[in-house]
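Notes for the one structure printed next.
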Amino acid sequence: MRPARPALEFAALPTSDPRPSAAVRGAIGAIAFSLAAAQAQAETSFLPSGFVRLEGARYVASDDDQVWSTWVGAGVDLLKAGQVTFEFTADLETIIGSELRTFDPNQANYHLAGAMRVAVLGDEVIPFFHHVSRHEVDRPKMQAVDWNIIGIRGRMNFAGGRAWVVAGVGHTLGDTPVGYGWELTLRGEAEPVRPLYAAADVRYVDAEPVDFLPRGSFTDVSLEGGVRWHRGLHAIDLFAAFERRNDVFVQAPGVRDRMLLGFRIGPVGRTRAPR
């Protein structure tokens, strides 16, 4: 009979801790933090871009009060963080007549605005704050005329960026000397066959009569067409337009239907304040 084999005894081998050491974990964390910081730095930029815009137009037909309209403005993107951009713009509209001299500036209207542009699936949602201050030049100032609007706009692009629509709604803050309440705006632009373009503006203002402006709610309309020459993100426009504009005077009621012939230099698609 074969003798039984002695039982084999196995000593347990020492096993290492499967978790990485503290030093390795620290190195991995440092690398991850560095990558995250680099990505954040790549997606966030301070003062990434700015622009200026110029516009001049002749009223047809004109009168002694209003012969020319000019806009001079500038804007800057203060901060861009991912899909969000904070911007500030400042514009000066000057109305030039011929009552006192050949070129007689009689209105200076200031527009200051801050906005946050949020990119959403190729379009934009834009909360904004807009300050307007209107002044008569070389004339007695009977009443301070200014107001603030807070609201939101939405921009949708079509045809690969060759057409777009911007719709907005806003409301004045506090009491205003002009009696404005709600403001609804709609602007559309299209470049069907370059260099031709067309644009349309509609602005509805819910207003109450005030002492120096005895009128109610009103609607401004502008229809524009012309040629546009692109240079990167900027362009030069030569245009003809028809507009119906209310409250054309600072301290007196007035509405005008008229043509404009003019030019514009500035960024494409960065719509300035309504006239």
Examine segment 254-269 for a residue that is closer than 20 Å to Gly97 by Cα, part of a loop (DSSP other than H, G, I, E, B) and either of a type in the set (Val, Ile, Thr) or modelled with pLDDT under 95 (or both), and state whether such a residue exists.
-> yes
Among the residues of segment 79-108, write down those that are surrounded by 16 or more Cβ atoms within 10 Å (Cβ to Cβ), polar (S, T, N, Q) and without any contact (Cβ under 8 Å) to a residue 60 or more places away in the chain.
-> Thr85, Thr94, Ser98, Asn106
Report the residue count in segment 122-179 for those that are in a strand (DSSP E or B) and closer than 17 Å to Tyr204 by Cα.
-> 18
Could you check how many residues of segment 202-241 are within 22 Å of the chain's Cα centre (by Cα) and of a type in the set (Phe, Trp, Tyr)?
-> 3
If you check Phe212 against the conditions, is it touching a Lys or Arg at 6+ places or on another chain (Cβ under 7 Å) and of a type in the set (Phe, Trp, Tyr)?
-> no
Flagged pairs (Cβ under 6 angstrom, 6 or more apart or on separate chains; first in segment 190-206, touching a residue at least 24 places away in the same chain (Cβ under 8 Å); second in a loop (DSSP other than H, G, I, E, B)) are Glu191/Arg162; Tyr197/Glu191; Arg203/Pro274; Asp206/Ser217
Pairs, first free of Cβ contacts under 8 Å to residues at least 12 places away in the same chain in segment 207-218, second part of a strand (DSSP E or B), C-beta under 8 Å, six or more apart = Gly216/Ala207
Search segment 113-131 for residues being over 15 Å from Gly170 (Cα atoms) and crowded, with 17+ Cβ neighbours inside 10 Å, and hand back the single one that is nearest to the chain's Cα centre (by Cα).
-> Arg117
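Scan segment 72-91 for residues that are more than 16 Å from the chain's Cα centre (by Cα) and not in a loop (DSSP other than H, G, I, E, B) and jot them down. Break it down into steps so the answer makes sense when it comes.
In the first step, residues of segment 72-91 are kept if they are more than 16 Å from the chain's Cα centre (by Cα); the result is 81-82.
Once the filter is applied, which keeps residues that are more than 16 Å from the chain's Cα centre (by Cα) and not in a loop (DSSP other than H, G, I, E, B), segment 72-91 yields only Ala81.
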Determine, yes or no, whether Val193 is surrounded by fewer than 18 Cβ atoms within 10 Å (Cβ to Cβ) and in a loop (DSSP other than H, G, I, E, B).
-> yes
Could you tell me whether segment 140-156 includes any residue that is over 26 Å from Glu55 (Cα atoms), among the aromatic types (Phe, Trp, Tyr) and surrounded by 18 or more Cβ atoms within 10 Å (Cβ to Cβ)?
-> no
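Answer yes if at least one residue in segment 130-152 is in contact with a Gly (Cβ under 8 Å, 6 or more places away or on another chain), closer than 25 Å to Leu78 by Cβ and charged (D, E, K, R), and no otherwise. Don't jump to the end; show me each part of the working.
Taking segment 130-152 as the starting set, the residues that turn out to be in contact with a Gly (Cβ under 8 Å, 6 or more places away or on another chain) are 130, 148-152.
After this cut, where a residue has to be closer than 25 Å to Leu78 by Cβ as well, the list is 130, 148-152.
Restricting the remaining residues to those that are charged (D, E, K, R) gives none.
No, segment 130-152 has no match at all.
Find the residue count for segment 226-252, including only residues that are in contact with a strand residue (DSSP E or B) (Cβ under 6 Å, 6 or more places away or on another chain) and surrounded by 14 or more Cβ atoms within 10 Å (Cβ to Cβ). Quick ask: steps written out before the conclusion?
Here is the first cut: in segment 226-252, the ones in contact with a strand residue (DSSP E or B) (Cβ under 6 Å, 6 or more places away or on another chain) are 226-229, 233-246, 248, 250.
Now restrict to residues that are surrounded by 14 or more Cβ atoms within 10 Å (Cβ to Cβ): 226, 228, 234-237, 239-246, 248, 250.
Going through segment 226-252 one residue at a time, the tally reaches 16.
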Which one of Arg187, Arg139, Arg134 is charged (D, E, K, R), over 13 Å from the mean Cα position of the chain (by Cα) and under 24 Å from Phe88 (Cβ atoms)?
-> Arg134
Test: Val202 is part of a strand (DSSP E or B), farther than 28 Å from Phe249 by Cβ and in contact with a Lys or Arg (Cβ under 9 Å, 6 or more places away or on another chain) = no
Return the residue satisfying two criteria in turn: it lies in segment 61-78 and is at pLDDT 95 or above and surrounded by fewer than 17 Cβ atoms within 10 Å (Cβ to Cβ), and of such residues it is nearest to Ser222 (Cα to Cα).
-> Thr70
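The values are calculated or read from the model by the stated rules, or taken from the named source; none is laboratory data. This one's a predicted model, so the numbers in the text were calculated from it and none came from an experiment. Cβ sites come from the backbone with ideal geometry, for glycine too, and all protein chains shown count toward neighbours.
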